[in-house]
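So the structure is just underneath, and the comments pick up after that.
Computed from the coordinates by the stated procedures, all read-outs in this text should not be read as laboratory data. Note that this is a predicted model, so its numbers are computed, not measured. Cβ sites come from the backbone with ideal geometry, for glycine too, and all protein chains shown count toward neighbours.
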Amino acid sequence: MQFTIRDLDGGDRSLDLETIDRLTAEMRGRLIRSMDADYDEARQIWNGMISRRPALIAECVGVADVMTAVRFAADNGLLTSVRGGGHNIAGSALCEGGLTIDLSRMRSVRVDPQARRARVQGGALLGDIDHETQAFGLAVPTGINSTTGIAGLALGGGYGWLSRAYGHTVDNLVAADVVTADGQTVRVSAKNNSDLFWAIRGGGGNFGIVTEFEFQLHKVGPMLMTGPVVHPLEDAGDVLRAYREIAATLPDEATCWFVLRKAPPLPFLDSKDHGRPVLILVMAYAGSSEEGERALAPLRAIGSPIGDGVSPHPYKGWQAAFDPLLAPGARNYWKSHDYDSLSDELIDLMTSAAENLPTDECEIFTAQLGGAAGRISRDAMAYAHRSTCYTMNVHGRWQDPKEDDLCIGWVRGLFDKAAPMSSGSVYINFVPEPGESRTVGPFGENLPRLREIKMKVDPSNLFRANVQIDPIGR
């Protein structure tokens, strides 16, 4: 009997069942096939719009399993994808008809509090990291949703509430173990395999599978001054113009993102305001609560808010505060632009689009960047977008497939109108589909070097189920 699986050229390849059985025997973890009872559960990822059916899912429980699965894929020329947390908007964790190498059971986090280092397996979620590091009053800058996987986040850049104070996630990566396309494991750092270390810091999953990261940690928490301040949407234009001036003067320890959406049932809001279109200034201070109180006061004094939830909160809890708004299973479609500044025209476009939100879950959120992360050279690593001060993410989110066209159209409509004011770059983790046309793109001026490194470590382009970097010569 024969087993059919997709190859790298897009065709179908037949493998005899004995070959599949040998792979099963060589793995300590499970090899899941489409006929297995838990197959559908195993292929579920965060974005409910993605429903791809891999022929095989290699559920790895250690580095040896990852090496075995990669060699099997390379020897047979198989279409291959890699799953860490499964949170990527484009659904790159899954490939249609091919082999998915699944690291979701590899979630170990080991903290060395004296050295302020954490060694983190490639399937770990941000919540796993925060749980272990906060036990010692330490943290690594990551994202804002605790169910996000560290691997995709870090390999693409990674930013959140601590980025302005301590740099992006990728800026705090000091070493990693990588399984390359030949099925070998290499240790990469500034001193070892430095080209590959340079490439994985912002080049996405194009160069191999990171089975373990080593991060620099910082003293954070356990309490931080954090929280949202809510304004009615009709005041958004004036509030954002005032915000723009204050944001430019904030110390590195302070950050304030803003969100345009319908108000969730926040406990400090009057129930009559739940579901009302609002502007939310979401702020945090990476320092003492007393310093945070002073630094965030000008932001909290803007306009006439209808609710203020800023107060000292546990850092670990703050990292998970927005999880209910980003729960898995919904249909999600994003489009994003980077900006060097917030123009009046951009503010007006965003507030106008927020007047016509297609569902209660759709939103426009804008991250404030800069600070320490903005002072690193563009060519220090693959992540190049150091001049970006704001990233706007137009987030379509809904439940009913019948609303696909409505929500995707709303996202693309604002994206297209806001394009002329953008810098032309884009955060790789916010790219929802291949083939986007950008003047700068996700890799900018670092793309030629990335292609050269890709040719050295993955000339057959085995690791292609992501925002692709083609090897030189292809």
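Helix 289-300: angle to the longest alpha-carbon principal axis of the chain, degrees 0 to 90, nearest 10? Long axis of 289-300 versus the principal axis of the chain: about 70 degrees. Size descriptors for the range 215-267 (Cα atoms only): Rg and Dmax, in that order, 14.5, 43 Å. Listed values for the range 61-73 are Karplus-derived 3J(HN,Hα) couplings in whole Hz (6.51 cos²θ - 1.76 cosθ + 1.60, θ = phi - 60°), namely 10, x, 4, 4, 5, 5, 4, 4, 5, 5, 4, 4, 5, and x replaces Gly and Pro.
In the chain, inverting the average of 1/r over every pair of distinct C-alpha atoms gives 22.8 Å as the Kirkwood radius. Pairs of Cα atoms nearer than 8 Å and 6+ residues apart set the relative contact order; for the chain it is 15 percent.
Peptides 64-75, 448-459 ranked from most to least packed, by the mean per-residue count of other Cβ atoms within 10 Å: 64-75, 448-459. Calculated on C-alpha atoms, the gyration radius of the range 22-122 divided by its Kirkwood radius gives an Rg/Rh of 1.02. Pairs from the table (262/316; 219/335; 272/402; 219/456; 262/454; 335/454) lying more than 32 angstrom apart at Cα are 219/335; 219/456; 262/454. Positive end of the charge dipole of the range 44-143 (Lys, Arg +1 and Asp, Glu -1 on Cβ, about the Cα centre): tell me which of 103, 86, 134 has its Cα farthest that way. Of 103, 86, 134, it is 134. Comparing Cα centroids, the range 225-249 and the range 100-131 end up 35 angstrom apart. Residue by residue, the range 345-357 carries 3J(HN,Hα) couplings of 5, 5, 4, 5, 5, 5, 5, 5, 5, 6, 6, 10, 5 Hz when phi is fed to the Karplus relation 6.51 cos²θ - 1.76 cosθ + 1.60 (θ = phi - 60°); x denotes Gly or Pro. Rg and Dmax, both from the Cα atoms of the range 185-333 and both in Å, are 19.4, 59. Principal-axis analysis of the Cα atoms of the chain puts helix 404-418 at an angle of about 70° to the longest axis. According to the calculation over all Cα-Cα pairs in the range 223-430, the P(r) per 10 Å bin from zero is 8, 33, 39, 18, 2, 0 %. For residue 3, the residues 5 or more places off, or on other chains, whose built amide H falls under 5 Å of its own are 15, 16, 17. Computed from the Kirkwood radius of its Cα pairs, the Stokes-Einstein diffusion coefficient for the range 1-67 at 10 °C and 1.306 mPa s stands at 120 µm²/s. Compared with the direct C-alpha span, the chain from residue 96 to residue 352 gains 88.3 nm at full extension, assuming 0.36 nm per residue. Assuming charge only on the beta carbon of Lys and Arg (+1) and of Asp and Glu (-1), the dipole of the range 2-102 about its Cα centre is about 240 debye to the nearest 20.
Relative to the Cα centre, the charge distribution of the range 280-393, modelled as +1 at Lys and Arg Cβ and -1 at Asp and Glu Cβ, gives a dipole magnitude of about 440 debye. Once you reduce the range 402-474 and the range 352-387 to the center of their Cα atoms, the two points are 15 Å from each other. Label positions at residue 219 and residue 323, each projected 7 Å from the Cα along the C-beta direction, are separated by 2.8 nm. The Kirkwood hydrodynamic radius of the range 109-219, based on inverse pair distances between different Cα atoms, is 13.7 Å.
In a simple Cβ point-charge model (Lys, Arg +1; Asp, Glu -1; nothing else charged), the range 109-219 has a dipole of about 300 debye relative to its Cα centre.
Here the 3J(HN,Hα) profile of the range 81-93, calculated from phi with Karplus coefficients 6.51, -1.76 and 1.60 at θ = phi - 60°, is 10, 10, 10, x, x, x, 9, 4, 4, 7, x, 5, 5 Hz, Gly and Pro shown as x.
For the pair residue 114 and residue 191, label points projected 7 Å from Cα toward Cβ lie 1.9 nm apart.
Just need the Rg to Rh number for the range 303-407, please, alpha carbons only, Kirkwood Rh. Taking Rg over the Kirkwood Rh, I get 1.01.
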